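Note sheet for the following structure.
Any read-out appearing in this document is the output of simple, stated calculations on the displayed coordinates, not a laboratory observation. Note that the coordinates shown come from a computational prediction; the quantities given were computed from them, not determined experimentally. With ideal geometry, Cβ positions are generated from the backbone for all residues, glycine too; neighbour counts draw on all protein chains shown.
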Amino acid sequence: MTYFQVNRKLLLMKIHYFLGIGGHAFGPFLTIISKQRGYSAFIVGLIFMLQPIPGMLMRPIVGAVTDKYKCRRSVFIANSIIMFLLVCLLSIIPGTTAKEEINDLDVIKSPLFWMFCTTIVLIRMVGMMNMVLEDTICMDLLGKDKNNYGKQRLWGSIGWSFFAIIYGTCVDWYSAGLDYKNYTPGYVIALLCFLLDIYVVCNLKIVQSNDTNILASDVKKVFTEGKVLAFLLWVVFIGFFMSFIWNFVFWYLEDLSNEFHPETKSWMKTLQGTALLIQCFGGEVPSFLFSSYILKRVDHMTILSVVFFTFTCIFSSYTIIENPLWALPVELLNGITFAMSYSAAISYAALITPVGAEGTLQGVVGTAYMGIGSPIGSIIGGYMFKHIGSIATFKMLSVVAFFICAIQIIVNYILRRLSKNDDINSNVQTKDIKNDINLT
C-alpha cells in the first residue's frame, strides 16, 4: 500500500516556489540595510513606494502579452536569468555605514542612492512579473483543482523561512566584532537560490493552448461587476496593511531593541530571521496547506473579513510590546493574514477568469495587491514612522483596520442581498418565458 505519493507533474513547481521565493528572503532586511546606510524612515518609505510601481505597470502587461503571444515559457526563463544578474549587481554596490541619519536632501542628491534604489526597484519589478507567470502556470497545471493552489504555494513559504533564518544567522556570525552588519552571506545565499531556480524553470513543463481566442468583451464584463470591483478594492487595502508588515516590522523591532532592550542588538539579525521562520512555518505554511479545505467551505469575501480583523489584532499587539522577543508570537498572525488573503485572491481571480485570459486577470489582481496598496502603504508608513514613531503608527493602523473590517462586512452583506434579488428576478423572468411558451 502506498502511503506517500509525489505528484511529478507538480514537483518542479514546488521546487521553483521553494527556490524562487526562498531567494527573496533577503527582502525584509532591505529596510535595515537602508537604515544602516544612514537613510531616514521617510527615505526608506520613498524607496518602497517607488519599488512596486514599475512592477504594477508591467504585471498586467506581461500577463496580457504572454496570453496573446503564447510566450510564457521564454519570458519566465528570461526573467529568472535577469533576477540572478540584478542580485549580483546589488551585492557589489558600494556600501556605506552611517552612525547618524543623513539629511534627506543629501541622500536624494547622491548617485549612489539612486543606483541602490534603482536596483531594488528592478528586482521588485522582475519579481512581480515572475509572480504573475508562476501563479498562472501553477493554476494551469492544477486544472480543475484550483483550490489546491495553497498546497503548492506553501513551498515558497517554507523556502522563505528556511533561507531567512540561515540568512540572519550567517550575517550575525560574519559580522561578529564589527560595528555594523555585513550582508555578504545573504547575497551569496540568494544567488545560489536563483542560480538553481534557473535550472528548474528551464525544465518546468509550461504548455499554452494555441486555439483559444480571448474576447475583450468577456474581460470587460468581469470588471464591470460590482462584486469584482469591491473585491479589488479590498485587495488594495490588504496590500496597504501588508506593506507595514513587510517593510517596517524589522525597523520597529530595532526601535524596541534600542529603547528597551539594547542587549538584543548583537543577535538582532538572528531574531529577525527567526521572526520570518515563525511567520512562514507557523502561519503561512499551515494556512496555505489548509486553504483548499477552507476555500471550499467559506466564501472568499468572508475570508477577507477575517483577514481585516486579524490586522486589527496584529497592530494592536505591536502597541503594547516592549521586548522584541514578544513580537515573535505575533508573526504567526502575520503569516496567516498573508497566506489566506493571497490564496483567496489568486483562487478568486482564477474562478472569474474568462478562458484564455488567465494571465491578464492574475496580473490585475497582483497589481491591486502589490502595485497599488503596497506602495501607498510604504510612503505613508515611512512618513508616519519618521514623524510620530513606530508605536503611534501601529495604534493608528489598528483603528483604521477595524473600521475597514466593519465597512467590508457591511458592503459584502449588501452585495449578497443584491445578488440574491437578481437571482430571484432572473428565475421569475425564466418562469414567465416558459409560461408564455406553454400558452402559445
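Quick notes on this one:
- Loop-exposed chymotrypsin sites (Phe, Trp or Tyr not before Pro) per DSSP, neighbour cap 16 Cβ within 10 angstrom, longest uninterrupted part of the chain: 261-440
- Using C-alpha pairs below 8 Å separated by at least 6 residues, the relative contact order for the chain is 29 percent.
- Per residue, the convex hull spanned by the Cα atoms of region 78-220 amounts to 176 cubic angstrom.
- Viscosity 0.890 mPa s, temperature 25 °C, Stokes-Einstein D of region 1-97 from Kirkwood C-alpha radius, µm²/s: 146 µm²/s
- P(r) weight above 19 Å for region 325-405, C-alpha pairs, percent: 56 percent
- Translational diffusion coefficient (Stokes-Einstein; Kirkwood radius from C-alpha pairs) of region 246-388 at 10 °C, 1.306 mPa s, in µm²/s: 94 µm²/s
- Alpha-carbon gyration tensor eigenvalues x 5, square-rooted, for the chain, Å: 39, 26, 20
- Given +1 at the Cβ of Lys and Arg, -1 at the Cβ of Asp and Glu and no other charges, the dipole of the chain around its Cα centre is 980 debye to the nearest 20.
- In the chain, taking the dipole from charged Cβ atoms about the Cα centre, the farthest positive-side position among Gly55, Thr97, Phe290 is held by Phe290.
- Charged neighbours of Trp173, selected by a Cβ distance under 12 Å, balance to +1 (K, R count +1; D, E count -1).
- Of interest is the spacing of the C-alpha centroids, which for region 300-348 and region 109-160 amounts to 20 Å.
- Relative to the longest principal axis of the Cα atoms of the chain, the long axis of helix 300-318 lies at roughly 20 degrees.
- Bins of 10 Å, starting at 0 and running to the largest distance - Cα pair percent for region 62-130: 17, 37, 25, 15, 7, 0
- Dimensionless Rg/Rh of region 109-153 - Kirkwood Rh, Rg from C-alpha atoms: 1.32
- Angle between the chain longest axis and helix 184-203 axis [Cα atoms, degrees, rounded to 10]: 30 degrees
- Two numbers describe the Cα atoms of region 226-292: Rg and Dmax, which are 16.4, 53 Å.
- Remark on Ser175: its backbone amide H falls under 5 Å from those of Asn182, a criterion applied only to residues 5 or more positions apart or on other chains, H modelled at 1.01 Å from N.
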